[in-house]
Amino acid sequence: MDYNQYKQTPPVYNGGSQNALATQVNAVMRKVYVRMFIGLLISAFCALGVASSQAAMAFFFGNQIVFWGMLIAMFVMAWVIPSRAMRMSQGALIGCFCLFSALMGAWLAPIFFVYKMGTIVYTLFITAGTFGAMSVYGYFTKSDLSKMGSYLMMALFGLIILMVVNIFAKSSTIEWIVSIVGVLLFVGLTAWDTQQVKRIAMANLDPAVSDRLATIGAMNLYLDFINLFIFLLRIFGGSRD
């Protein structure tokens, strides 16, 4: 996400204004984490629902048109929602995020057939702990992570290219490298996204912009969490086979 479109120059705060600033930032961050958690719950219930229904599995994964349509729709929404956030109503923005979370959940349903439930739960706890630690770091660190963010975004594109190459190469070595790099990448992006949301929340934004920021921040951190979980799950393995 390009956070620059939301940046404003905050006024100088002191005294009581500092308390008002802290209240403003805390309010935005609370909304971010609550909406992110709701998105994760939607994905979890959708994944379990699809996985428990043979008809649903056949619909989403037995039909190539539906499968690729779902995948393309998620990629499009991941780019379009942040870029159109300021033109959409808050209700429509939250609705799109919920729809995106539902599609992601449906797409994740096969993990219940590939990995043992114990491995999934174990990895989920590790993901939550790692995500929480990096998000806390991103929130409280005094270091400027802006430069790191630009490198991480370049690394993300490189990772995507490597994953596409491995679709044809089918190399277990490349898959292992992708998993390791993916974990490191989204660990860094979690800290960076958290800091960026906090910085923009500190700007003198009107409530409507702050509310949209909370939804977009929730979506970005949601994606960090999901991708971190997927790459960690690949590393820990524990397939049913």
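The values are calculated or read from the model by the stated rules, or taken from the named source; none is laboratory data. Every value quoted in this text rests on a predicted model; they were computed, and no experiment measured them. Methodologically, a virtual Cβ is constructed for each residue, glycine included, from the backbone with ideal geometry; neighbour enumeration extends over all protein chains shown. With ligands, DNA and RNA removed, areas are computed over all heavy atoms of the protein, side chains included. Shrake-Rupley method; radii C 1.70, N 1.55, O 1.52, S 1.80 Å.
Residue-level analysis places Val136 among those that are closer than 23 Å to Tyr33 by Cβ and not polar (S, T, N, Q).
When the residues of the stretch 128-154 are filtered to those that are polar (S, T, N, Q) and open to solvent by less than 40 Å² (accessible area, probe 1.4 Å), the one that is farthest from Met202 (Cα to Cα) is Ser135. Within the stretch 200-227, the set of residues being more than 27 Å from Leu108 (Cβ to Cβ) and either outside any helix (DSSP H, G or I) or touching a helix residue (DSSP H, G or I) at 6+ places or on another chain (Cβ under 8 Å) (or both) comprises Ile200, Ala201, Met202, Ala203, Asn204, Leu205, Asp206, Ala208, Val209, Ser210, Asp211.
Please verify whether the stretch 81-91 includes one or more residues that are of a type in the set (A, V, I, L, M, F, W, C) and either farther than 25 Å from Pro207 by Cα or out of contact with any helix residue (DSSP H, G or I) (no Cβ under 9 Å at 6 or more places or on another chain) (or both). Among the residues of the stretch 81-91, not one is of a type in the set (A, V, I, L, M, F, W, C) and either farther than 25 Å from Pro207 by Cα or out of contact with any helix residue (DSSP H, G or I) (no Cβ under 9 Å at 6 or more places or on another chain) (or both), which makes the answer no. When the stretch 155-182 is filtered for residues that are closer than 15 Å to Phe229 by Cα and open to solvent by less than 20 Å² (accessible area, probe 1.4 Å), the ones remaining, listed by number, are Val178, Ser179, Gly182.
Kindly indicate whether Met219 is open to solvent by 50 Å² or more (accessible area, probe 1.4 Å) and either in contact with an Asp or Glu (Cβ under 9 Å, 6 or more places away or on another chain) or under 30 Å from Met117 (Cβ atoms) (or both). Answer is no for this residue.
Yes/no matrix, rows are residues, columns are (1) under 27 Å from Leu156 (Cα atoms); (2) aromatic (Phe, Trp, Tyr); (3) modelled with pLDDT of 95 or more:
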{"site": "Met1", "(1), (2), (3)": "yes, no, no"}
{"site": "Tyr13", "(1), (2), (3)": "no, yes, no"}
{"site": "Leu21", "(1), (2), (3)": "no, no, no"}
{"site": "Ile38", "(1), (2), (3)": "yes, no, yes"}
{"site": "Phe45", "(1), (2), (3)": "no, yes, yes"}
{"site": "Ser52", "(1), (2), (3)": "no, no, yes"}
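May I ask you to verify whether Val50 is surrounded by fewer than 16 Cβ atoms within 10 Å (Cβ to Cβ) and of a type outside the set (Ser, Thr, Tyr)? The answer is no for Val50.
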